[in-house]
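The values are calculated or read from the model by the stated rules, or taken from the named source; none is laboratory data. Bear in mind the structure is a predicted one, so any value in this text is a computation, not a measurement. Virtual Cβ from ideal backbone geometry, glycine too; neighbours counted across all protein chains shown.
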């Protein structure tokens, strides 16, 4: 199998090329990164791209769709795909977006913006928890996780070390710090470094609702350390 990744220098978003063998079929997964490195592999390995798989429709993951479709006449899909020797299964993983999908193929899972190294996607906490814990964490621990942003990880690594997963497993206590999110009082339940190093949190509001938000949305009391 042939696998190549490209990452956008500002968005830190990944685009992938997956081929079955030299001279065989290939698919792209998302397109929000420089395409040149992927196109070089297509030429070098004499691949025939047939599909563009979309993990979700946010701009930083679809920016190159039109270019790829125009160049190769690809079928764009978020569903199961069989092409050449590749058998790819789509797993519904909504939460960060309503259309969120992860793709599973031969021990590799492309998780889009649902699961990262040490973090998960932002959005309604209950939906993201279901996608992470009831879908992705049920995969074999050796499964490689190729996320929508920055570096790869494994299901087993995230099972043991991801702060959100550890909290949802009942291993770690709630953070407990007070904050405000868009002016509303909240409590931080989980804090993680996130893929970009800026931080991400699961917060609980006064009415009991929970959300996962980036650090830029959080206001700390002036006395917070």
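Looking at 137, 133, which one is assigned to a helix (DSSP H, G or I), surrounded by fewer than 18 Cβ atoms within 10 Å (Cβ to Cβ) and in the same structural domain as residue 30 (by TED's automatic domain parsing)?
Numbers: 137 fails: surrounded by fewer than 18 Cβ atoms within 10 Å (Cβ to Cβ).
One residue alone meets the criteria, 133.
With the condition kept exactly as written, say whether any residue in segment 162-174 is within 12 Å of residue 119 (Cβ to Cβ) and surrounded by fewer than 16 Cβ atoms within 10 Å (Cβ to Cβ).
no
Looking at (1) outside any strand (DSSP E or B); (2) over 20 Å from the mean Cα position of the chain (by Cα); (3) in contact (Cβ under 8 Å) with a residue 12 or more places away in the chain, find the lone condition where residue 96 falls short.
All conditions are met except number (2).
Restricting to segment 32-53, count the residues that are crowded, with 18+ Cβ neighbours inside 10 Å and over 25 Å from residue 91 (Cβ atoms).
The total comes to 3.
Would it be correct to say that residue 73 is without any contact (Cβ under 8 Å) to a residue 12 or more places away in the chain, farther than 26 Å from residue 163 by Cα and surrounded by fewer than 20 Cβ atoms within 10 Å (Cβ to Cβ)? Don't jump to the end; show me each part of the working.
On the way: without any contact (Cβ under 8 Å) to a residue 12 or more places away in the chain: yes; farther than 26 Å from residue 163 by Cα: yes; surrounded by fewer than 20 Cβ atoms within 10 Å (Cβ to Cβ): yes.
In short, yes.
Quick check: anything in segment 98-106 in contact with a strand residue (DSSP E or B) (Cβ under 6 Å, 6 or more places away or on another chain), surrounded by 22 or more Cβ atoms within 10 Å (Cβ to Cβ), farther than 26 Å from residue 10 by Cβ and at pLDDT 95 or above?
No: zero hits.
Say whether the condition of being assigned by TED's automatic domain parsing to the domain that holds residue 147 and closer than 19 Å to residue 104 by Cβ is met by at least one residue in segment 40-47. So that I can check it myself, show each step before the final result.
From segment 40-47, those assigned by TED's automatic domain parsing to the domain that holds residue 147 are 40-47; that's our starting set.
Then drop every residue that is not closer than 19 Å to residue 104 by Cβ, which leaves none.
The answer is no; no qualifying residue exists.
Looking at segment 24-40, which of its residues are closer than 20 Å to residue 148 by Cα and over 18 Å from the mean Cα position of the chain (by Cα)?
At the first step, the residues of segment 24-40 found to be closer than 20 Å to residue 148 by Cα are 26-39.
The answer is 26, 35, 36, 37, 38, 39.
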